[in-house]
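The values are calculated or read from the model by the stated rules, or taken from the named source; none is laboratory data. This is a predicted model, so every value here is computed, not measured. Here the Cβ positions follow ideal geometry from the backbone for every residue, glycine too, while neighbour counts run over all protein chains shown. What goes into the accessible areas is simple: the full protein's heavy atoms, side chains included, and nothing from ligands, DNA or RNA. Shrake-Rupley method; radii C 1.70, N 1.55, O 1.52, S 1.80 Å.
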Amino acid sequence: MTDEPPLRRRAAQSQAGDEPHSLPASAPEPETVGPDPMPGGPVPLLAPRDGTPEPVATPAALADVVARFAAGTGPVAVDAERASGYRYSQRAYLVQLRREGAGTVLIDPLPLGDLRTLDEALADTEWVLHAASQDLPCLADLGLRPRRLFDTELAARLAGFERVGLAALTEQLLGYTLEKHHSAADWSSRPLPDSWLTYAALDVELLTNLRDSLALELEQQGKQEWAAEEFASLVLWGAQPLRPRPDPWRRTSGIHRVRGARAQARVRSMWYARDAIASRRDSAPGRVLPDAAIIAAAEMDPKDERTLLMLPGFGGRSVRRLARTWLEALAEARTLPDDALPVSPAVDGPPPPHRWAERDPTAAARLARCREVVTRIAAEHNLPPENLITPDSVRRLAWTPPDEISEATVVETLYGYGARHWQVNLIGGELTLALPEPA
């Protein structure tokens, strides 16, 4: 292992005659993907080398894909496109896969229901995803669950890369640039434009090449076992649906400006009215009514349609059509008895760190010592502090340390918070020393 940043080390290797940016065997030749780049610069990747496939949308076409991918070799690159800014649900509206010997496929899951036959064909295959935690839940909804995976974003974080987006890593490690201007598109629309399909296919075009490059980087830094533990945890927990948040309305943007329990009740009432409409329409809540409009109404408490529609965010035609719904929500909050008004939620865990010095100066000093340990050890091993140990784990440990502080009790506590073996081995002992007050 070395303390040199990865990019600096690769540059030194290149000067020594190594070719870390040589084109991967499965990459397209530069002249097939766009105009000539600047000398020595990255090559724009504008089209898949096998062309952009038509989306698979029939059982017969899916059966052919299953057979092809079962006969393929090596890892399978997987990606999914959602429509988070447009739809209420987080379902996948397009699934992309690529495997050596099978090529690239785009699957439209809407007419197919589920993809369990494909999952069975890939049961013994390593899946390669970028930022896997974002896609695993929607893939699981389709019956796609990896048994082994490699997350290129997480691997890059463990290897110490500062920029871990797919486009940035593809450029740094493989010498190709990817366009990302369709990443926020409405993938639920049909038919999907050809340019969107090309974008989707390119997302998996070089993903296995990127995996190989990052695997080598991790091996050179002695971090392959760390990555293996992280990937195994993703397989175990990554596809689990998110637990519903208590009082989700409290996350309304701008709610910090709303003073008083009665005004907060107005936020709550309007939030749930909007959520019911968004769920029924399968539309993103912000497209039904912006958060800013909810906050404005909660602050002003309008009692008639004319006053309501004068507030910011209520000018759109679709919002105006729902004026009665918004006024009824406000009226409901207005008539609530005092004992039905929102109360401050019970805190699960320590308070916000900025309040520690006032509430418990000893715990605040303990947290500062623990954070210093985390920052130092993370820097020594060239990885982000939050990947060494989650900030929430550090806060919980510092706020409520074990009654008897020893390495065994601290290690047990960290495991209870979900820390992996490699993390505990690196940091458990030094956190044990940081918890007691200095003599």
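Translational diffusion of region 174-297, estimated by Stokes-Einstein from the Kirkwood radius over alpha carbon pairs at 20 °C in a medium of 1.002 mPa s, is 111 µm² per second. For residue 103, the shell of other residues with beta-carbons less than 14 Å away shows a net charge of -1, using +1 for Lys and Arg and -1 for Asp and Glu. Amide H contacts for residue 100 (H built 1.01 Å from N in the peptide plane; partners 5 or more residues away or on another chain; cut-off under 5 Å): 73. Each 10 Å bin, from zero up to the one with the longest distance, holds this percent of the alpha carbon pairs of region 388-439: 27, 64, 10, 0.
Just to be sure I understand: of the beta bridges DSSP finds with both ends in the chain, what percent are antiparallel, rounded to 5? Counting only bridges with both partners in the chain, antiparallel ones make up about 55 percent.
Summary of packing: across the peptides 243-254, 293-304, the per-residue average of other C-beta atoms within 10 Å ranks them, highest first, as 293-304, 243-254.
Given axes a ≥ b ≥ c from the Cα gyration tensor, I'd like to know whether region 114-258 is rounded (a/c under 1.5), prolate (a/b larger than b/c) or oblate. Rounded. The reciprocal of the average 1/r between distinct C-alpha atoms defines the Kirkwood hydrodynamic radius, which for region 364-404 equals 10.5 Å. Remark: region 393-403, residue by residue, has Karplus-estimated 3J(HN,Hα) of 5, 5, 4, 5, 5, 6, 6, 10, x, x, 4 Hz, where x stands for each Gly or Pro and the curve is 6.51 cos²θ - 1.76 cosθ + 1.60 at θ = phi - 60°.
Its convex hull of Cα atoms gives region 339-396 a direction-averaged projected area, equal to a quarter of the hull surface, of 5.2 nm². The Cα atoms of region 272-378 cover 57, 36, 25 Å along the three principal axes, with the biggest extent listed first.
Hydrodynamic radius of region 138-222 by the Kirkwood approach over all distinct alpha-carbon pairs: 14.5 Å.
The residues of the chain present an accessible area of 51 Å² per residue when probed at 1.4 Å with all protein chains retained. Peptides 381-387, 135-141 ranked from most to least packed give 135-141, 381-387, packing being the mean of other C-beta atoms within 10 angstrom over each peptide's residues. For region 42-120, carbon and sulfur atoms together expose 53% of the accessible surface, with a 1.4 angstrom probe and every protein chain in place. Over all directions, what mean area does the Cα convex hull of region 279-321 project, stated in square nanometres? In nm², the orientation-averaged hull projection of region 279-321 is 3.1. Each Cα pair of region 38-190 feeds into the Kirkwood radius, which the Stokes-Einstein equation turns, at 20 °C and 1.002 mPa s, into a diffusion coefficient of 130 µm²/s.
P(r) tail for region 339-439: Cα pairs beyond 23 Å make up 27% of the total.
Remark: the chain is approximated by an ellipsoid whose semi-axes, taken from the C-alpha gyration tensor as √(5λ), come to 41, 35, 20 Å, largest first.
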